[in-house]
Structures are given as C-alpha cells and as structure tokens.
Amino acid sequence: MQTLIRDFRSMIHRGTIRGKNIKTWVDIYLFAQSDDQPPLQVTRVRAHAISQVAMENPTIADFMKLDIRCGTIVTVESFPEARKPAWKMRIDFGPEIGVKKSSAQITDLYAESDLLNKKIMAVVNFPPRQIGPFVSEVLVLGFPDADGAIVLGIPDGVVPNGARLV
C-alpha cells in the first residue's frame with residue numbers, strides 16, 4: 001500500500017493523472033508489483049477518495065479533534081436553492097450545544113417524513129459553511145451506498161442528544 005501511495009503521489013506531481021474535470025474525477029492506476037508489467041486495473045474514483053488514499057496515517061489524537069455528537073432532527077425543509085437536491089434541517093444536540101442548522105444531500109433515500117425525529121450523528125466543531133443563502137453549522141455524517149446515494153450514520157440504540165462519539 002505504501003508503494004501504491006508513493007507511486008500515486010509521484011504521478012500527481014508529474015501530472016500523469018488527469019481527468020475530464022479534475023475536481024470531480026481522476027484516474028488512479030494500480031500497478032503490478034514488478035515494473036515491467038502493465039497496470040493491473042484502472043478505476044475512476046471521486047476526488048474526495050484521493051485524499052483518503054494519499055492521506056498519512058491519522059492518530060487517535062487527530063480523531064479526537066472531531067467533536068461528533070448525536071442529535072435529533074426537529075425540522076426538515078426542502079432546499080430549492082441548492083445546486084443538488086438537499087434538505088435543510090434543524091438538529092437538536094441537547095442543552096450543551098443546542099439546536100443547529102445543516103443541509104444534506106440525502107433526498108435520494110430520505111423523504112421529509114423519514115427524517116423528522118430521526119437520530120443522526122454530526123461533526124459539530126467545523127466552522128459554519130455558506131451554502132447558497134443558507135449557513136450550515138454542522139456536518140451530518142453518512143456513507144455512500146453502491147449507487148452513490150448517502151445513507152445516514154445513525155446510532156444503534158438509545159443515545160441522548162448531545163452524546164459524544166468516543
């Protein structure tokens with residue numbers, strides 16, 4: 001894996017990795033163990049996956065810098081001004097943090113009625129982010145399914161609002 005990351009970084013530096021829109025797609029070549037063989041596989045991945053491949057090994061201290069909390073969605077509204085279909089939500093994180101706003105591109109799998117009163121997990125210590133006319137105060141966490149739709153990260157069990165992921 002370290003060889004792959006080193007080769008990948010070298011290819012980025014040399015400009016050998018290109019895509020139609022480098023912000024969205026890049027080509028990653030997975031090389032065979034010996035240099036005299038052609039690449040084993042060519043695959044396309046989203047740009048955010050690049051940082052995951054090239055990222056150094058984070059420490060537990062790095063992880064603990066993230067303040068991930070459980071909250072309950074208390075209001076859901078459509079967000080027609082967003083570039084991609086999204087919901088605007090207000091999420092209750094308990095008395096310590098309070099109610100925060102967020103937008104999430106989760107309309108593929110979740111209707112408004114599915115989200116109301118749903119427990120979710122979110123990063124609450126990122127700076128606010130302007131998304132069109134809306135300011136998102138927290139980052140709601142989710143995972144892409146096989147089709148790329150986002151599945152929410154939800155606690156498995158009864159967890160109070162504001163509980164921190166440890």
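Rule-based calculations on the coordinates, nothing more; no lab input. These numbers come from a predicted model, not from an experiment. Positions of Cβ are backbone-derived with ideal geometry, glycine not excepted, and every protein chain shown enters the neighbour counts.
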Local charge sum around S103 (other residues, Cβ-Cβ under 14 Å, Lys/Arg +1, Asp/Glu -1)?
+3
If each residue of separation counts as 0.36 nm, what is the full-extension length gain between I60 and V159 once their alpha-carbon separation is subtracted?
33.3 nm
Filter the trypsin sites (Lys or Arg not before Pro) in segment 81-166 down to the DSSP loop ones having no more than 14 other Cβ atoms within 10 Å, then list what survives.
R83
Once fully extended, how much extra length lies between K84 and N125, figured as 0.36 nm per residue of separation less the alpha-carbon to alpha-carbon distance?
12.3 nm
Using 0.36 nm per residue, how much length does the chain from N117 to E77 gain when fully extended, once their Cα-Cα distance is taken away?
13.1 nm
Counting Lys and Arg as +1 and Asp and Glu as -1, what is the net charge of the other residues whose Cβ lies under 14 Å from the Cβ of P85?
-1
